[in-house]
Amino acid sequence: MKRDRMAPFLTEGKGMLLAYDQGLEHGPSKDFDEKNVDPSFVMDIASKGGFNGVVFQKGVAERFYDGKVPLIVKVNGKTSLPQGEPLSRQVCTVEHAVSLGAKGVGYTIYLGSGEEAAMLAEFGKVQEEAHSRGIAAIAWVYPRGGGVQNDTSKEIVAYAARAGLELGADAVKIKYTGDSESFSWAVKSAAGVKVFMSGGPKAATDDAFLGQVEGVMDAGAAGLAVGRNVWQHPQPLEMARKLKRIIFEGGQANDPVRG
C-alpha cells in the first residue's frame with residue numbers, strides 16, 4: 001500500500017495546521033502585536049493547542065522550531081513591496097528543510113499570474129525532491145493576478161484544487177468558496193489530494209470563522225491551515241479547542257467546548 005506522505009500531519013485522516021509564514025510577505029506591522037511577533041509564542045500555541053503541524057519560513061524554523069509539533073517549511077516567498085504580477089520564488093532548498101526537521105515543504109503558486117510558469121516549473125522540482133526524500137509537498141494554490149476576477153468563485157477554487165492534483169501535490173491549501181456545496185466541487189476536483197482551507201485574515205467574528213470551518217469539513221476537506229484567526233485571537237488556545245471539536249469530532253460551530 002502506498003504510504004501517505006501527509007500522515008505526520010493527520011489524525012484519522014484529518015488535520016489542523018498552524019501557519020506562521022506571513023511575516024515575509026506582510027511585514028511586522030500588518031499582522032503582529034507585542035505577543036505574536038515572537039515566534040516562541042506561536043510555537044507554544046502549536047504545541048499546547050494540539051495542532052498537527054506548524055508552518056514556518058526557514059529563518060524562523062532555524063531559530064524557534066522545538067520539535068514538539070511536525071514541521072512544514074515554506075520554501076518560497078516574496079514581499080508585498082513590488083508591484084505587478086505576483087511571483088514567489090524558492091528561498092530554501094528541500095535538503096535544508098529536511099535538515100531542520102521538516103516532514104513537509106510548502107510552496108505558493110499564484111495561479112493565473114503572468115508569472116505562473118516560473119512557479120509551476122519550480123514547484124515541479126520541489127515536489128520531485130520532496131518525494132525522493134519521503135516528505136510531503138504541499139501547494140498553497142492562490143489564483144491571483146490580472147487574469148483572475150474572483151478568487152473565491154466555485155470554478156476558480158476548483159481549478160486551484162485540480163492544479164494541485166495535476167502537479168503532484170500531496171495536499172493543497174486553498175481559499176473557501178463561501179458555502180459547503182460549492183466547496184465540495186473543489187474537494188472532488190482534487191481527487192484524493194488532501195484539501196485544507198486557508199484560514200485567511202482575521203475574521204470579523206469567531207462565529208463567522210467557525211461557520212466557515214464547519215462548511216469546509218461538511219464538504220469533505222481534510223482540515224484547516226490557520227494562522228491569524230488563532231494567534232491574533234485574545235484566547236488562542238480556546239479558539240484551537242473549538243476548531244478541534246469541529247475538525248476531529250464533527251462538532252458544530254456553536255457547540256460548547258469542554259475541558
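Taking 16 Å as the straight-line reach from the Cα of LYS125, the lysines in range (excluding those fewer than 8 positions away in the same chain) are LYS74.
Once you keep just the Cα pairs under 8 angstrom separated by 6 or more residues, what percentage relative contact order results for the chain? Please report the intermediate quantities before stating the final value.
Working: 506 pairs, mean separation 43.7, N = 259.
Contact order relative to length: 17 percent.
How would you classify segment 70-184 from its alpha-carbon gyration tensor, with a ≥ b ≥ c the square roots of the eigenvalues: rounded for a/c under 1.5, else prolate if a/b is greater than b/c, otherwise oblate? Oblate is the answer for segment 70-184, as a/c is 1.5 or above yet b/c matches or exceeds a/b. Nearest 5 is fine: what % of DSSP beta bridges in segment 1-85 come out antiparallel, could you say? Around 10 percent of the beta bridges assigned by DSSP in segment 1-85 are antiparallel ones.
Write down the percent of antiparallel bridges among all DSSP beta bridges whose residues are both part of segment 7-249, to the nearest 5. Write down the numbers at each step before the final one.
Values: 3 of 34 bridges.
Rounded to the nearest five, the antiparallel share is 10 percent.
The ranking of LEU237, LEU81 from fewest to most other beta carbons within 10 Å of each one's beta carbon is LEU81, LEU237.
Between beta-carbons, use under 12 Å as the cut-off and find the net charge around LEU17, counting Lys and Arg +1, Asp and Glu -1.
On the way: positive: LYS14, LYS74, LYS103, LYS173, LYS194; negative: ASP21.
In short, +4.
Between LYS48 and GLN252, full extension at 0.36 nm per residue minus the direct alpha carbon distance yields a gain of 71.2 nm. GNM remark for the chain: springs join alpha carbons under 10 Å apart, and the peak mean-square fluctuation among GLY147, GLY211, GLY104 falls on GLY147.
Shape of segment 1-85 from its Cα gyration tensor (a ≥ b ≥ c, root eigenvalues): rounded if a/c is under 1.5, otherwise prolate when a/b > b/c, or oblate? Mind dumping the intermediate values first?
Details: a/c = 2.35, a/b = 1.45, b/c = 1.62.
Verdict is oblate for segment 1-85.
Partner aspartates and glutamates whose Cα lies under 17 Å from the Cα of LYS35, excluding those fewer than 8 positions away in the same chain, are identified as ASP21, ASP44, GLU238. For log10 I(q)/I(0) by the Debye sum over Cα atoms at q = 0.08, 0.15 Å⁻¹, which listed value, (i) -0.33, -1.05; (ii) -0.38, -1.03; (iii) -0.27, -1.07, comes from the coordinates shown? Read-out taken from this structure: (iii). Counting only DSSP H runs of at least 4 residues, each contributing -39500 (n - 2.57), and dividing by the residue count of the chain, the helix-based mean residue ellipticity at 222 nm comes to -11500 deg cm²/dmol.
Put a dot 7 Å past the Cα of ASP33, heading toward its Cβ, do the same for SER132, and the two dots end up 4.6 nm apart.
Laboratory data are not the source of any read-out in this text; all were calculated from the coordinates shown. None of the values given here were measured: they were computed from a predicted structure. So basically every Cβ, Gly included, is an ideal-geometry build from the backbone, and we count neighbours across all protein chains shown.
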